[in-house]
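Note sheet for the following structure.
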Amino acid sequence: MNWDETTDDADAERLVGASTDREEQAVEAALRPKDLGEFIGQEKVREQLDLVLRAARARGATADHVLLSGAPGLGKTTLSMIIAAEMEAPIRITSGPAIQHAGDLAAILSSLQEGEVLFLDEIHRMSRPAEEMLYMAMEDFRVDVIVGKGPGATAIPLELPPFTLVGATTRAGLLPPPLRDRFGFTAHMEFYEPAELERVIHRSAHLLDVEIDTDGAGEIAGRSRGTPRIANRLLRRVRDYAQVKADGVIDQDIARAALAVYEVDSRGLDRLDRGVLEALLKLFGGGPVGLSTLAVAVGEERETVEEVAEPFLVREGLLARTPRGRVATPAAWAHLGLTPPRSSTGGNGQGDLFGA
Ligand SMILES: Nc1ncnc2c1ncn2[C@@H]1O[C@H](COP(=O)(O)OP(=O)(O)OP(=O)(O)O)[C@@H](O)[C@H]1O
């Protein structure tokens, strides 16, 4: 099982309930910012990228290759499309998993038009032979296509038109340095502040023709885990609730009631997150406990707990990964309204980890 697919699907489905991929993609496309002016937040990335693109346009040149890293839903695909729009160039979209042979990549590269943007999502999941072909393509705009097998095989040089590769990855650490070094501009996408997500929500509500007040947007933003994709999904679920249960207008009360139905709590924890924390606190006294044991206790796969629930719980300061296993922090006990048991080590039994 590849955790990336599971992460993205599980992440998307579990947070706000399952929905048809096609519907999600259509709405995501409709809400996607079309230029840097509409792209909210990521100030540093936008400023740097704007310089790269304006300088390339001024020189009448193709933009340098760009690497975008960051967690799912933070805007990497959006930025790749904005790069193509700002360069007034076509964009070709593919992904690492779709390119398993060097021939697949050669076919794509040889069909690119001059100046075209090639967006390679999940670039860390490309096969090694394809990756090595990319090195020469990025640097010399040339690939050697091997024809035949064994001693009779010959390499046919294939000249490529200048193009811009935009690579996206949620696992920058998995990229080999020779590949990473060939990008002229690399940017790491940070999680968004609640105020930025409020702006995303107001913008999306306007596009969806949904009436929402500041408090309603604030309530949704505070539970969107710093992620625009999640903010948009929660907005649509709250819109459904407001439409069915009220007069369609979203205020703080409606947002709170709707998010209670979807079991997204005040900090953005969903059912899975709370299941992990509750097991850790109620079954294992706050830990330390091994990942496998914790996963069995919540009835989930190890990878689901480790890659889907834990990054957020760790980022929120509710769970710590220690050499002795997973441990709940004092904030976790407080968040679930539970009192840590007294124990011989004093405090919640994890005194030596977080102070008695
Ligand atoms: N800065 C932003 N301003 C407004 N909306 C945004 C921003 N970034 C992302 N979004 C919204 O969030 C949605 C998801 O963004 P996007 O698909 O670009 O994320 P991603 O990082 O490529 O995710 P993944 O890694 O899963 O492919 C987009 O449809 C867009 O509407």
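The values are calculated or read from the model by the stated rules, or taken from the named source; none is laboratory data. Note that this is a predicted model, so its numbers are computed, not measured. Cβ sites come from the backbone with ideal geometry, for glycine too, and all protein chains shown count toward neighbours. The protein model used for the area step is the full one, side chains on, heavy atoms only, and it has no ligands, DNA or RNA in it. Shrake-Rupley method; radii C 1.70, N 1.55, O 1.52, S 1.80 Å.
For Asp251, the test of being in contact with a Gly (Cβ under 7 Å, 6 or more places away or on another chain), open to solvent by 40 Å² or more (accessible area, probe 1.4 Å), of a type in the set (D, E, K, R) and away from the ligand (no atom under 16 Å from the Cβ) is passed. Take the conditions (1) under 22 Å from Val27 (Cβ atoms); (2) out of contact with any Phe, Trp or Tyr (no Cβ under 8 Å at 6 or more places or on another chain); (3) small (Gly, Ala, Ser); Gly226 misses just one of them, which is (2). No other residue among Glu47, Glu88 is under 12 Å from Gly115 (Cβ atoms), more than 10 Å from the ligand (Cβ to nearest atom) and among the acidic types (Asp, Glu) apart from Glu88.
Listed here are the residues, each with its yes/no results for (1) in contact with a Pro (Cβ under 6 Å, 6 or more places away or on another chain); (2) among the hydrophobic types (A, V, I, L, M, F, W, C); (3) at negative phi.
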residue: Asp104; (1), (2), (3): no, no, yes
residue: Ser110; (1), (2), (3): no, no, yes
residue: Gly115; (1), (2), (3): no, no, no
residue: Leu118; (1), (2), (3): no, yes, yes
residue: Ile123; (1), (2), (3): no, yes, yes
residue: Arg128; (1), (2), (3): no, no, yes
residue: Glu132; (1), (2), (3): no, no, yes
residue: Val143; (1), (2), (3): no, yes, yes
residue: Lys149; (1), (2), (3): no, no, yes
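For Gly268, the conditions (1) within 16 Å of the ligand (Cβ to nearest atom); (2) open to solvent by 20 Å² or more (accessible area, probe 1.4 Å) are fulfilled apart from (2). Considering only residues that are touching a Leu at 6+ places or on another chain (Cβ under 6 Å) and more than 14 Å from the ligand (Cβ to nearest atom), look in segment 166-196 and name the one that is nearest to Ala26 (Cα to Cα). Per the stated criteria, the residue is Thr186.
Scanning segment 271-287 for residues that are in contact with a helix residue (DSSP H, G or I) (Cβ under 8 Å, 6 or more places away or on another chain), open to solvent by less than 70 Å² (accessible area, probe 1.4 Å) and in contact (Cβ under 8 Å) with a residue 40 or more places away in the chain returns Leu272, Asp273, Val276, Leu277, Leu280, Leu281, Gly286, Gly287.
Filter segment 302-330 down to the residues that are more than 17 Å from Gly268 (Cα to Cα) and acidic (Asp, Glu), then identify the one that is surrounded by the most Cβ atoms within 10 Å (Cβ to Cβ). Taking the candidates together, the pick is Glu306. Taking the conditions exactly as written (open to solvent by less than 70 Å² (accessible area, probe 1.4 Å) and part of a strand (DSSP E or B)), does Asp104 satisfy them or not? No: the conditions fail for Asp104.
How many of the residues making up segment 197-225 are within 11 Å of the ligand (Cβ to nearest atom) and under 19 Å from Ala260 (Cα atoms)? Here the count works out to 2.
Considering segment 50-84, the residues that are under 14 Å from Pro33 (Cβ atoms), within 13 Å of the ligand (Cβ to nearest atom) and of a type outside the set (Gly, Ala, Ser) include one that is most open to solvent (accessible area, probe 1.4 Å), namely Met81. Restricting Ala172, Ala168, Ala231 to those that are open to solvent by less than 30 Å² (accessible area, probe 1.4 Å) and in contact with a strand residue (DSSP E or B) (Cβ under 6 Å, 6 or more places away or on another chain) reduces the list to Ala168.
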